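*Asks:* Sending over a structure as C-alpha cells; questions will come in a sec.
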Ligand SMILES: [Cu+2]
C-alpha cells in the first residue's frame, strides 16, 4: 500500500442533516408546481427503501440543481453513510472517514471509474461526478462496504424512505418521464423508465418493481 497523502481536512459530517443519515424522504424544490409523491414497492407489495426516483420534465428550468442534503458520503462503522446518495451532475462529493481504521474507495462503474487510496481517521477525500448514472462504491479493505451514488440531471429527484415514499415538489404540470433506480432492480442498468403525467396538483403514484 502506498502512503497516505498529507491532506488533513477535518471531517464535517457531524453537521450532516439527520434526515440524510436516516435516509429519510426529503422534499425537493419548494414553491410552485405540483407535488408528486411516489411509493416504490416490490413484487410482494413491500416498501422498497433507498430507491432513487427521478422525474424529467421538458418544462423544467436549466439552472443549477441544488439538493437540500449534503454532497457527502461518510465512512462510519465500516459502512458508507448514507448508503445511497443522490447528487446533481457535476457535483463534488466529500468522503470523510469517521472510523479509526483506514478505508479506500473504488468504483468500476461506467459513469465514474476511480480509485482513492487508503486514508485514515478524520481525513477526507473528494471526487467530482460529471456524468449521469449510477456509481457503485467499494473499499479494498472491507469487502462488505457498499455505497451508491446516483448522478442525476434533474432537480426532481430523491430516494425513498423506509416506507418506500419520496415526495418531489415543484414539478411542472404536463408530460414527464419517471425513472426508478435501485441496485437490486431486475432490469438493464437496474432502472425502469415510464411515461408519467403530472396533473398540476398533488398526486401519489405507486410503482411496483421487481427486485433480485
Ligand atoms: Cu474500508
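*Asks:* Taking strands (runs of 3 or more DSSP E) that fall entirely within the range 32-106, which contain at least 1 residues that are more than 16 Å from the ligand (Cβ to nearest atom), modelled with pLDDT of 95 or more and buried (at least 18 other Cβ atoms within 10 Å of the Cβ)?
*Replies:* On the way: elements: 34-41, 52-57, 74-76, 79-81, 84-88, 91-94.
Result: 34-41, 52-57, 84-88, 91-94.
*Asks:* Please work out which residue is farthest from residue 148 (Cα to Cα), limiting yourself to the range 107-126 and to residues that are more than 16 Å from the ligand (Cβ to nearest atom) and in contact with a strand residue (DSSP E or B) (Cβ under 7 Å, 6 or more places away or on another chain). Step through it out loud before you land on a result.
*Replies:* Residues of the range 107-126 more than 16 Å from the ligand (Cβ to nearest atom): 108-113, 126.
Keeping just the survivors that are in contact with a strand residue (DSSP E or B) (Cβ under 7 Å, 6 or more places away or on another chain) gives 109-113, 126.
Details: 109: 10, 110: 13, 111: 12, 112: 12, 113: 13, 126: 15 Å.
Looking at the filtered set, the residue picked out is 126.
*Asks:* For the range 103-141, give me the residue count where each residue is at positive phi and under 14 Å from the mean Cα position of the chain (by Cα).
*Replies:* Of the range 103-141, the ones at positive phi are 122, 133.
Retained after the next criterion (residues that are under 14 Å from the mean Cα position of the chain (by Cα)): 133.
Looking only at that region, the number is 1.
*Asks:* Then there's this: Quick one: how many residues across the range 127-147 are more than 12 Å from residue 95 (Cβ to Cβ), touching a residue at least 12 places away in the same chain (Cβ under 8 Å) and within 16 Å of the ligand (Cβ to nearest atom)?
*Replies:* Summing the residues that are more than 12 Å from residue 95 (Cβ to Cβ), touching a residue at least 12 places away in the same chain (Cβ under 8 Å) and within 16 Å of the ligand (Cβ to nearest atom) in the range 127-147 gives 7.
The values are calculated or read from the model by the stated rules, or taken from the named source; none is laboratory data. All of these numbers come straight from a predicted model, not from anything done at the bench. Virtual Cβ from ideal backbone geometry, glycine too; neighbours counted across all protein chains shown.
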